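Participant: Once you've had a glance at the structure underneath, I'll fire off some questions.
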Amino acid sequence: MMPVSEIPAVSPFVPVTTIIPATSATTTIATITAIPAAKADPTDVSEIRFIQYRDSDFSMDYPSTWTVIKSTYTSYFCKPVERTGCYEHELKTIGPFYFGETDNLKKPTRIVTFTSADGRQKIVAFISDFLDNANQNFGIDPDIRWVKDRVTDNYPDVAGTAVGDYQYDRSGNSMTISYTVMMPVGSEAYPLAYKTKNFFTVHHNYEFAFISDVENIQKYRNLEERILTSITTYDIS
């Protein structure tokens with residue numbers, strides 16, 4: 001008889017479990033650097049560094065921290081149910097000017113906007129050219145009623161009662177008017193306060209507005225005067 005070899009018993013398969021030690025969760029914290037708010041202009045104009053803007057229409061001093069943007073506007077005739085709010089968009093985006101069509105002015109109007117670093121003040125230049133047959137033939141009524149009627153066109157609820165500091169001057173063929181408008185408390189009009197200075201020359205109608213609010217137009221009267229008195233117009237045909 002052949003010997004029977006013993007076959008060793010085979011142990012059953014036992015799975016091996018590899019234990020991976022847990023790692024702690026990593027939290028990334030973003031560092032946010034605060035951007036400082038733009039500084040307001042000093043009320044003492046001697047502390048402001050002024051630079052000069054100049055183009056073929058005019059020159060003017062303005063604070064070096066202000067920004068300058070040039071654009072144009074083409075007038076159109078608006079026929080609302082009521083005159084109120086006809087040029088509401090233009091008043092809010094450009095400034096307190098007359099935006100309707102006139103028989104004596106060419107299109108388009110040239111605009112230069114100067115904005116303070118904190119966005120609280122603006123100077124807007126709104127410059128139109130007289131038609132050739134209107135040169136030297138355009139005049140304005142020196143009476144303040146003309147100005148009040150003009151303000152009433154844009155702000156019927158004010159009816160000219162907000163107009164003050166009116167001045168009229170004539171030198172040769174050039175006429176200048178200036179006045180301040182401050183809206184009553186609770187008004188939603190834009191702007192809430194502004195100082196306008198208009199130059200009417202042989203060939204051009206120059207309108208400049210210092211735009212602010214009631215509080216800041218009082219606060220920055222010296223700045224407004226410093227800028228508006230620096231304007232020189234160039235009456236080039």
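Participant: Label points 7 Å out from Cα along the Cβ direction at ASP57 and GLU225: separation in nm?
Facilitator: The two pseudo-label positions are separated by 2.7 nm.
Participant: If all Cα-Cα distances of the stretch 49-133 are sorted into 10 Å bins from 0 onward, what percent lands in each bin, rounded to whole numbers?
Facilitator: Histogram of Cα-Cα distances, whole percents per bin: 15, 41, 30, 12, 1.
Participant: Rounded to the nearest 0.05, what FRET efficiency do ALA159 and LYS70 give with R0 = 30 Å and r taken as the Cβ-Cβ distance? Could you check?
Facilitator: 0.30
Participant: Between LYS107 and ARG170, with labels modelled 7 Å along Cα→Cβ, what's the label distance in nm to one decimal, could you check?
Facilitator: Here the modelled spin labels are 3.2 nm apart.
Participant: Starting from the Cα of ASP132, step 7 Å along the direction of its Cβ; do the same at ASP235; then give the gap between the two resulting points in nm.
Facilitator: 1.9 nm
Participant: Now for a different question. Between THR109 and residues 5 or more places away or on another chain, which pairs have amide H atoms under 5 Å apart, with H built 1.01 Å from N, and which residues are they?
Facilitator: TYR73, THR74, SER75
Participant: While we're looking at this one, here's another question. Around ASP235, under 13 Å between beta carbons, what's the net of Lys plus Arg minus Asp minus Glu among the other residues?
Facilitator: Details: positive: none; negative: ASP57, ASP129.
That works out to -2.
Participant: While we're on this one: Given the C-alpha atoms of the stretch 45-232, compute the convex hull and give its volume per residue in Å³.
Facilitator: So the per-residue hull volume is 122 Å³.
All of the numbers you see were taken from the coordinates with simple rules; none came from a lab. Not measured: the values here are computed from a predicted model. Neighbour counts are summed over all protein chains in view; Cβ atoms, including those assigned to glycine, are modelled from backbone coordinates with ideal geometry.
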